[in-house]
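*Asks:* There's a structure below that I have some questions on.
Derivation of every value follows stated rules applied to the coordinates shown; laboratory data play no part. Note that this is a predicted model, so its numbers are computed, not measured. We place every Cβ from the backbone using ideal geometry, glycine too, and count neighbours over all the protein chains shown.
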């Protein structure tokens, strides 16, 4: 008899195109996945998946089966969402977060999850967007708050918030009056986001132009380090103003007026599309409410 576990296994193999990926997602072994699919094909009397060493693809019968599998698993998720006590939701949700979010509303999200879903545990990892994207696709995390949205067919996105970027510096540098040009700023080290990130490349392009003096770019994976270096007068920081509100208010940092334009950073909640992502979607919804509230 075909049960939900077998249908769910088939759904993940088809969605990910991989027996290995389905095994990782379902926290089991690849032989166990192969056995379930073999039993399903024997019971259905048709071949559902074409296999090779790297990937699995749907046969015509498999595509037809996929339509019903999505409906069944989706209906189960809808039933659970409608009937179950959400405060009783259990398990572990692996959350990957960009550091900008850590310095703004992440603590409030954790408190909100603890209150609404006291039996749901969060495993939180902080990383840059390219790494979070790769880990999400590899199913090493369930939900990511990163620069987005991600234009990938298997990924679902919800926009979280926009953060303007500004040039800030210690008052000790004496840059707080007048409009600063790229030549004025290039006299100082520029402290900003880590390499291999979109903001770093944008900032590098602003100073890597003909006629602009050589500029020292100090990249750090720790925005707390960037802030500390700026407060100490070691250079001009280019970071979201939202994470230095206290430092600006206390006068330890000041906003600089400049004719350089840095695009606003847009963050999104992103996760792998599937019919049974109730916990992920609920946490993403809480994050949207906090980020946009």
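*Asks:* Can you tell which of 153, 121, 18 shows the greatest fluctuation in a Gaussian network model of the chain with Cα springs below 10 Å?
*Replies:* Most flexible of the set in this elastic network: 153.
*Asks:* Which length gain, in nm to one decimal place, applies between residue 4 and residue 152 when the Cα-Cα distance is subtracted from 0.36 nm times their residue separation? Don't skip to the end; give the middle numbers.
*Replies:* On the way: separation 148, 0.36 × 148 = 53.28 nm, distance 2.73 nm.
Length gained, residue 4 through residue 152: 50.5 nm.
*Asks:* May I pose another question? Modelled label-to-label distance, residue 90 and residue 54, 7 Å Cα→beta-carbon offset: nm?
*Replies:* Label at residue 90, label at residue 54, 4.2 nm between them.
*Asks:* Calculate, for residue 63 and residue 140, the FRET efficiency according to 1/(1 + (r/R0)^6) with r their C-beta to C-beta distance and R0 30 Å; round to the nearest 0.05.
*Replies:* That pair, residue 63 with residue 140, gives E of 0.55.
*Asks:* At 222 nm, what value in deg cm²/dmol follows for the chain if DSSP H runs of at least 4 each add -39500 (n - 2.57) and the sum is divided by all its residues, to the nearest 500? Walk me through the numbers on the way to the answer.
*Replies:* Working: 12 runs with 126 residues, N = 293.
It comes out at -13000 deg cm²/dmol, rounded to the nearest 500.
*Asks:* Using a Gaussian network model on the chain with a 10 Å cutoff between Cα atoms, which of 139, 64, 254 fluctuates the most?
*Replies:* Sorting by GNM fluctuation, first place goes to 64.
*Asks:* Which of rounded, prolate, oblate describes region 165-263, given a ≥ b ≥ c as roots of the alpha-carbon gyration tensor eigenvalues and a/c under 1.5 marking rounded, otherwise prolate only if a/b is larger than b/c?
*Replies:* Numbers: a/c = 1.65, a/b = 1.19, b/c = 1.39.
In terms of gyration-tensor shape, oblate.
*Asks:* So if we plug the beta-carbon distance of residue 182 and residue 248 into 1/(1 + (r/R0)^6) with R0 = 25 Å, what FRET efficiency do we get, rounded to 0.05?
*Replies:* That pair, residue 182 with residue 248, gives E of 0.65.
*Asks:* Which semi-axis lengths, in whole Å and largest first, follow from the square roots of five times the eigenvalues of the Cα gyration tensor of region 4-83?
*Replies:* Output for region 4-83: semi-axes of 21, 15, 11 Å.
*Asks:* If you fit an axis through the alpha-carbon atoms of helix 30-44 and take the longest principal axis of the Cα set of the chain, what angle between them do you get, 0 to 90°, nearest 10?
*Replies:* The angle comes out near 40 degrees.
*Asks:* Now for a different question. The list [x] 17.8, 55; [y] 24.0, 78; [z] 25.8, 102 gives values of Rg and Dmax of the Cα atoms in Å, and only one came from this structure; which label was calculated from it?
*Replies:* Step by step, Rg and Dmax of the Cα atoms in Å for this structure corresponds to label [y].
*Asks:* With a ≥ b ≥ c taken as the square roots of the eigenvalues of the C-alpha gyration tensor of region 83-238, please select rounded if a/c is under 1.5 and otherwise prolate if a/b is larger than b/c or oblate if it is not?
*Replies:* Judged from the Cα gyration tensor, region 83-238 comes out prolate (a/c at least 1.5, a/b above b/c).
*Asks:* Quick check: residue separation of residue 77 and residue 47 times 0.36 nm, minus the Cα distance between them. What number comes out in nm? Before the final figure, lay out the partial values.
*Replies:* Details: separation 30, 0.36 × 30 = 10.80 nm, distance 2.71 nm.
8.1 nm is the gain from fully extending residue 77 to residue 47.
*Asks:* Moving to a separate point now. Please work out how much length the chain gains when fully extended from residue 264 to residue 123, using 0.36 nm per residue of separation minus the C-alpha to C-alpha distance, in nm with one decimal.
*Replies:* 47.9 nm
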